[in-house]
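Notes follow the structure.
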Amino acid sequence: MNKEDKLIPVNRIKAVLAEKQKSAKQLCVAVGKNETTVSRWCNNKIQPSVTQLQGIANFLDVDIRELLCSTK
């Protein structure tokens, strides 16, 4: 098992995009970020700020908590 296999996802942005049938490209436009940044969010390489998470939640019409994974 390598290091990446052990990482626990911090956000569910990629999953919620799929559930809402929205693309990462649409999210880029909605939140004013480039594709690289959104890709890194979706792959849990970096995390958006709380303000950015709220913008993502608004775009996806979900509660901000739906974008976060439980750490329990």
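Using alpha carbons only, how many degrees (0 to 90, rounded to 10) separate the axis of helix 50-60 from the longest principal axis of the chain?
That works out to roughly 60 degrees.
How far, in nm, would the chain grow between Lys45 and Glu19 when pulled straight, counting 0.36 nm per residue and subtracting the alpha carbon separation? The partial results should precede the final answer.
Details: separation 26, 0.36 × 26 = 9.36 nm, distance 2.08 nm.
Between Lys45 and Glu19, full extension yields an extra 7.3 nm.
So for the chain, considering every pair of alpha-carbon atoms, how many percent are separated by more than 17 Å?
Counting every Cα pair in the chain, those more than 17 Å apart make up 38 percent.
Taken together, the values in this text are just the output of simple stated rules run on the coordinates, not laboratory data. Keep in mind the model is a prediction, meaning the values are calculated, not measured.
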